[in-house]
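Reviewing the structure listed below.
Bear in mind that the values in this text are calculations on the coordinates, not laboratory data. In this text, all values refer to a predicted model and were calculated from it rather than measured experimentally. Quick reminder, even Gly has a Cβ in these numbers, built from the backbone with ideal geometry, and neighbours come from all protein chains shown.
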Amino acid sequence: MKGLHIKFAFVFALLTVAGSAFGYDFTFTNVTNKWLVVQVKLSAWGGIYLNVVAPGRNAEFSWPVGNPRAGYCISSIRIAEYNKNIGRYDPYAQKGFDRMIIHERFKLMAQDTKQFGGQYLLLQHPLREVPIKWIPDKTWGMFDKTMRDAAEKLATGVADSLEKAIDLGIQAGTAGAGAPGAAPSVAGILSPLGSVMGAVMELMSKSKCVSRHFDIIETKKEGIMLATQQ
């Protein structure tokens, strides 16, 4: 029995070392006009991590090689609109709307694990798992570029919705064309969102726990969802 325990301990240690040999990055582009709380939960004992991302901006969850959390797969992704009354901080009230100061404030909140600290306040938001839309490989490049262009328009206040941001991109000739001779349209660019909707469990089987980029999108029909490469 003692020998079995030693073997088990050795195998567990080997798996731990092997897991930490792979560093993962999970990035999110907020293609909405809302401040969002994003929660990533890692499998097993990986823990829960939070971030607040501004409209049109990015959030990154990174565990590089050698990090004790490197190698853990995503267990769940939950998102909620940030509520200043819950978080007790209003980003729009920041003098001059200095995004660096706001970013640092939210970073400190997300890392504050004290009882009733910043992380506690973020966890009080109505976080929920959102559906995942799988974008086919052949259309992902144009789709993701369009989403990033739209995100910039949302970030700078040029547009107040995803559809409007894409429409402005089309008018400026920056959103990319569809088939030869076909004029691009908002409906055409968003058509991949009509593909199969999945969940985090499907994500785990498709991604095999590799780094992945997500576009956080909100449409009038579907609400908030994640889009990622199939």
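Note on residue 152 and residue 99: the extension gain reaches 17.7 nm, defined as 0.36 nm multiplied by sequence separation minus the Cα-Cα distance. One chain, two ends: residue 114 and residue 137. Fully extended at 0.36 nm per residue, the span grows by 4.0 nm beyond their Cα-Cα distance. Stretching residue 44 away from residue 172 to a fully extended chain increases their span by 41.3 nm, per 0.36 nm per residue minus the current alpha-carbon distance. Packing around the peptides 123-130, 163-170, 61-68, taken as the average count of other Cβ atoms within 10 Å per residue, puts them in this order, highest first: 163-170, 123-130, 61-68. In this structure, residue 107 and residue 25 have a Cβ-Cβ separation that, at R0 = 25 Å, corresponds to a calculated FRET efficiency of about 0.90.
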